[in-house]
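Asker: Here's a structure for you.
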Amino acid sequence: MTACPKSRGLRIALLLALLSCPAWSSQSQAQPGQLHITSVPQGERIVINDSPRTEVTDVTLVVSPGTYKVTVGNCSAQSVQVSSGETKEVHCP
């Protein structure tokens, strides 16, 4: 017994719909990471990727995964790689 053409076409359409549905996709958005920025003394200015921030130390910032150039107070800039779900410490003595 062979399947009728209508039923075969319906199965193909259903399969394509399931494969293209975002809920079934194995890809998911990356979870954010964190930059925990501290200094002695506290209250130092923070610059990230050459952009001054309104926050001062000590602070924890939620960031997208990526590489950041972080400057705290008068300390040298540090390059920090943040991965998904990870907290990276940046400290200026």
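Each reported figure results from applying straightforward, stated rules to the coordinates on display, with no laboratory input. These figures come from a predicted structure and were not determined experimentally. FYI the Cβ positions are ideal-geometry reconstructions off the backbone, even for glycines, and counts take in every protein chain you see.
Asker: Considering only the stretch 32-64, state which residues are more than 21 Å from the chain's Cα centre (by Cα), surrounded by 14 or more Cβ atoms within 10 Å (Cβ to Cβ), touching a residue at least 40 places away in the same chain (Cβ under 8 Å) and assigned to a loop (DSSP other than H, G, I, E, B).
Answerer: Scanning the stretch 32-64 gives a single hit, GLU44.
Asker: Inside the stretch 65-78, can you point out the residues that are over 19 Å from PRO32 (Cβ atoms) and part of a strand (DSSP E or B)?
Answerer: Residues satisfying the conditions are THR71, VAL72, GLN78.
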